[in-house]
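Read the structure below first, then the notes.
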Amino acid sequence: MTAELAVLLPAVVLVLVIVLTAAAAGAAHVRCADAARAGARAAALGESPAEVEAIAERLAGGRAQVQVSHQGQWVRVEVRATLPLGPLAGLIPISAQLSTPVEPGLTGALP
């Protein structure tokens, strides 16, 4: 019984690490998507790019990078983050982007 445990324990630990990493990646992706949605909504309603970035960073977490761009009548917010995996940080990039039309009447207020 001890030999079987010694053989199976590393495999069980590896599977547990993989499952927890996948769950963390999924949660980070949801946070990035929510941040991109909230940022795009704020930008479409006429908020300044600095305020849009602050909203998205607050929702995505402190390590997230936010990029706001305007393309004609559309505003696009992209949020990028990485999983904090210790020495393996940066191996799993997480990103989400959302484009939405600017509210009518606010097109002159865009930077």
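The values are calculated or read from the model by the stated rules, or taken from the named source; none is laboratory data. Since the structure is predicted, the reported quantities are computational estimates derived from the model, not experimental observations. Please note: Cβ atoms are built from the backbone with ideal geometry, for glycine as well, and neighbour counts cover all protein chains shown. Please note that ligands, DNA and RNA were not included when accessible areas were found on the heavy atoms of the full protein model with its side chains. Shrake-Rupley method; radii C 1.70, N 1.55, O 1.52, S 1.80 Å.
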Looking at (1) touching a Leu at 6+ places or on another chain (Cβ under 6 Å); (2) of a type in the set (Val, Ile, Thr); (3) open to solvent by 60 Å² or more (accessible area, probe 1.4 Å), which one does Val17 not meet, given that it meets all the others?
(1)
Could you list, ordered by first residue, the pairs with Cβ atoms under 6 Å in which the first is in the range 23-39 and within 8 Å of Ala60 (Cβ to Cβ) and the second is open to solvent by less than 20 Å² (accessible area, probe 1.4 Å) and in a helix (DSSP H, G or I), at least 6 apart or interchain?
Arg31/Ala60; Cys32/Ala60; Ala35/Ala56; Ala35/Ala60
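Glu103: over 15 Å from the mean Cα position of the chain (by Cα) and either on the phi > 0 side of the Ramachandran plot or open to solvent by 50 Å² or more (accessible area, probe 1.4 Å) (or both), yes or no?
When the stated conditions are applied, Glu103 passes them.
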Exactly one condition in (1) under 17 Å from Ala96 (Cα atoms); (2) out of contact with any strand residue (DSSP E or B) (no Cβ under 6 Å at 6 or more places or on another chain) is false for His29; which is it?
(2)
Identify the residue in the range 51-83 that is farther than 13 Å from Arg31 by Cβ and part of a loop (DSSP other than H, G, I, E, B) and, among all such residues, is least open to solvent (accessible area, probe 1.4 Å).
Gly72
Name the single residue, out of those in the range 27-40 being charged (D, E, K, R) and either over 16 Å from the mean Cα position of the chain (by Cα) or within 20 Å of Ile92 (Cβ to Cβ) (or both), that is most open to solvent (accessible area, probe 1.4 Å).
Arg31
Of the residues that sit in the range 84-99 and are farther than 14 Å from Ala33 by Cα and touching a residue at least 24 places away in the same chain (Cβ under 8 Å), which one is surrounded by the fewest Cβ atoms within 10 Å (Cβ to Cβ)?
Leu85
Could you say whether any residue in the range 89-109 is assigned to a helix (DSSP H, G or I), under 26 Å from Val17 (Cα atoms), at pLDDT below 90 and of a type outside the set (Ser, Thr, Tyr)?
no
